[in-house]
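Okay, structure first, notes after.
The values are calculated or read from the model by the stated rules, or taken from the named source; none is laboratory data. All values derive from a computational prediction rather than experimental measurement. Ideal geometry is used to build each Cβ from the backbone, glycine not excepted, and the neighbour counts take in all protein chains shown. Remember, those area values only see protein heavy atoms, side chains included, never the ligands or the DNA or RNA. Shrake-Rupley method; radii C 1.70, N 1.55, O 1.52, S 1.80 Å.
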Amino acid sequence: MIEIKDLNKSYVMGKNSLHVLKGINLKIKEGELVAIMGSSGSGKSTLLNIIGMLDNYDTGSYHLDNVTIKDLDETKAAKYRNKFLGFVFQSFNLINYKTAIENIALPLYYQGIASKERQTIALDYLDKVGLKDWAGHLPSELSGGQKQRVAIARALASKPKVLLADEPTGALDSVTSDEVMELIIQINKEGKTILVVTHEQEVANMCNRIITLKDGVIMTDVKTK
Amino acid sequence: MIFSKDSWKEIFDTIKKNKLRTFLSGFTVAIGIFIFIVLFGFGNGLQNSFAEFFVDDKVNTIRIYPSSTTLPYRGYESNRRIEFTNQDLIEIKENFNNEVEDIVVRNTFYNQIKYKEKSNQYQVRAVSPGHREAENTILMSGRYLHEGDIEQRKKYAVIGRLVAQDLFDGKDPIGEYIFGSDHSWRVIGVFQDEGGDREERMLYVPYTAMQEIQKNSDKINQMIVIYNAEMTYDESLLLEKKLEMYIKNKKVISPDDNRGVYISNTGEQLENSNNFASVLQIVVTFIGIGTLIAGIIGISNIMVFVVKERTKELGIRKAIGATPNSIILMILQESIFITTISGYAGLITAMITLKIIGNNLQEKYFISNPYIASSDALFATLILILFGAIAGYIPARKAANIKPIIALRDK
């Protein structure tokens, strides 16, 4: 599903150049649940952003579902993101003036799906994350765990090939963290490829493969199950 | 996709849920348009008043007043009083027959006028019939003086509307006799005048009749020359010059004497007032452009603010699949919609305000019938909408091209 070869990425800041990713090689098959670990500055978030087409890379190659992803303009990147990827962020990133169901329906709007169908699909996913009764609530009326579940439903609604989660439990307490991770595992069991960036060992342990980054290189790549 | 029902629904949704933001940008546009139209309307109203001041009297006239000389000339000492007589009038008429339509006599007196128990001091103008044209006197009832009255020295009077009101208490004054200068005068007509109240507290009588009761005097105080209306301004100046030379020669006044005879051309006044009006026009236009620019700056500011505020939201939209174009379109569509609606609201409110003001400011502020041509108003509204769109487009394009990771960066 994801194939990365000798990927390099540097950030240029004034005269200094910061080499963040130093030759990453990575293959992720369909249906895997992969945790990417590392301390801050290890390059894990940069890697996720490149996989998520939110950022460009310098050298190497990246194929997603056999499509070469390289130097995309914003329009193309937006279309690929919409087609291939679902995002879950640490800070949820829900649109605050839209209700739960409207947030979930938004990617479908950009896919050009008709209004009524959007509602049906969005409600389905809301049901899946157990928040059917909260459809008409604004994000400000939801708890952290509920917000993240709405965000997951939104990421799933566009039927992406890969779900990318950047510290999905970073803003949550341990109980809700577990709930959210259980939801992610359940989604994975239904066949979705999922990448989770985290620095929490407990969260990583729930995945079936753990990749550890340090200083821009992959240190370990362990299958747990 | 661009103007689909769905994208409108999305926009209405956004508008509905961001009322303050919508109100702020809408209000800026509305107030901009409102101020522009009201100010522009006031400017036009000022011009209206200005025009009214000068439509009262006929403009193609030259007034000639005798006065005292200030220079000795051909054996005459200075400070000699110049007077016109009936004979002068006849001779000037003959001499300028081709260029002049009529020369009107106006001798002014102030007399106590009495009708039964009531009496009051009024200006009495002893005139020839052409005075009606020179003064744009409007007859309300009865008739004006005519040549026969002059020849027969009839003691007739045409009285102003307010004179009739003062003395007659609503009774029809025509045919009644009023008393003044030790004689009875028969009222033959009532007039009104757009020059205002002062002009309507007057009486017109045949100048010959007045001369007769003044011990058969043949003096004329003021002559009003009505020249051909088709004369250009320069031609009228030439006529004025020729008249002056002729009269100075006739009355033995030094050509270098600024006094002796005083000649004023209303055409000249008109030229001056036209110049003033065009300066007024420039000022009004300047104010209009100024308010419009202020409005545009206001809208630009609010648009930049709106887009800035939405940066994160736009980043989220991009992360879940919105293309840069769809972002720009959304913002443009929204801002044009808001500016159009509120611009129109401002336009209508301003028009109604001008209508309500109407002539209420005429007395104190000389603003009569303020208005704005609907084409001007519409043009200004369109300009504001256009600039609102441009002002929205630039930050929208910038926002649409920000990478989502930057827009989504926390804290």
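Just a few scattered comments:
- Screening B:Ile159, B:Ile90, B:Ile113, B:Ile103 for residues that are in a strand (DSSP E or B), aliphatic (A, V, I, L, M) and under 26 Å from B:Tyr262 (Cβ atoms) leaves exactly one candidate, B:Ile103.
- Looking across region A:73-113 at every residue that is more than 8 Å from chain B (Cβ to nearest Cβ), free of Cβ contacts under 8 Å to residues at least 40 places away in the same chain and within 19 Å of the chain's Cα centre (by Cα), the one that is nearest to A:Lys159 (Cα to Cα) is identified as A:Tyr80.
- All strands (runs of 3 or more DSSP E) inside region A:11-71 with 1 or more residues being free of Cβ contacts under 8 Å to residues at least 12 places away in the same chain: A:16-28
- Total residues in region A:128-141, condition loosely packed, with under 13 Cβ neighbours inside 10 Å, charged (D, E, K, R) and touching a residue at least 24 places away in the same chain (Cβ under 8 Å): 0
- Test: A:Ile28 is more than 19 Å from A:Thr220 (Cα to Cα) and touching a strand residue (DSSP E or B) at 6+ places or on another chain (Cβ under 7 Å): no
- Leading residue by the ranking (nearest to the chain's Cα centre (by Cα)) among those in region A:41-52 that are over 18 Å from A:Lys27 (Cβ atoms) and open to solvent by 10 Å² or more (accessible area, probe 1.4 Å): A:Asn49
- Looking only at region B:211-246, and only at residues there that are small (Gly, Ala, Ser) and assigned to a loop (DSSP other than H, G, I, E, B), the one that is surrounded by the most Cβ atoms within 10 Å (Cβ to Cβ): B:Ser217
- Taking the numbered list (1) surrounded by fewer than 21 Cβ atoms within 10 Å (Cβ to Cβ); (2) under 18 Å from A:Val129 (Cβ atoms) in turn, A:Ile194 passes all entries but (1).
- Any chance A:Gly170 is surrounded by fewer than 20 Cβ atoms within 10 Å (Cβ to Cβ) and over 17 Å from A:Leu48 (Cβ atoms): no
- The strands (runs of 3 or more DSSP E) located wholly in region A:132-225 that include 3 or more residues which are within 14 Å of chain B (Cβ to nearest Cβ) and under 15 Å from the mean Cα position of the chain (by Cα) occupy A:162-166.
- You will find that of B:Thr323, B:Thr339, the residue that is in the same structural domain as B:Leu24 (by TED's automatic domain parsing), crowded, with 20+ Cβ neighbours inside 10 Å and without any contact (Cβ under 8 Å) to a residue 12 or more places away in the chain is B:Thr323 and no other.
To keep it simple, each residue is scored yes or no on (1) more than 25 Å from A:Tyr11 (Cβ to Cβ); (2) buried (at least 18 other Cβ atoms within 10 Å of the Cβ).
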| residue | (1), (2) |
| --- | --- |
| A:Thr59 | no, no |
| A:Ile69 | no, yes |
| A:Thr99 | yes, yes |
| A:Ala122 | yes, yes |
| A:Leu126 | yes, yes |
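Per-residue answers, yes or no, for (1) of a type outside the set (A, V, I, L, M); (2) surrounded by fewer than 15 Cβ atoms within 10 Å (Cβ to Cβ); (3) within 14 Å of chain A (Cβ to nearest Cβ):
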{"position": "B:Asn369", "(1), (2), (3)": "yes, no, no"}
{"position": "B:Ile372", "(1), (2), (3)": "no, no, no"}
{"position": "B:Gly392", "(1), (2), (3)": "yes, no, no"}
{"position": "B:Lys398", "(1), (2), (3)": "yes, yes, yes"}
{"position": "B:Pro404", "(1), (2), (3)": "yes, no, yes"}
{"position": "B:Ala407", "(1), (2), (3)": "no, no, yes"}
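- Within region A:38-89, the set of residues being closer than 27 Å to A:Asn205 by Cα and of a type in the set (Val, Ile, Thr) comprises A:Thr46, A:Ile50, A:Ile51, A:Val88.
- Filtered residues of region B:300-332 (kept if under 25 Å from B:Phe27 (Cβ atoms) and either away from chain A (no Cβ under 14 Å) or among the hydroxyl-bearing types (Ser, Thr, Tyr) (or both)): B:Ser300, B:Asn301, B:Ile302, B:Met303, B:Val304, B:Phe305, B:Val307, B:Lys308, B:Thr311, B:Ile331, B:Leu332
Yes/no per residue for (1) assigned by TED's automatic domain parsing to the domain that holds B:Phe40; (2) within 24 Å of the chain's Cα centre (by Cα); (3) exposed (fewer than 14 other Cβ atoms within 10 Å of the Cβ); (4) modelled with pLDDT under 85:
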| residue | (1), (2), (3), (4) |
| --- | --- |
| B:Glu194 | no, yes, no, yes |
| B:Ser254 | no, no, no, no |
| B:Arg259 | no, no, no, yes |
| B:Tyr262 | no, no, no, no |
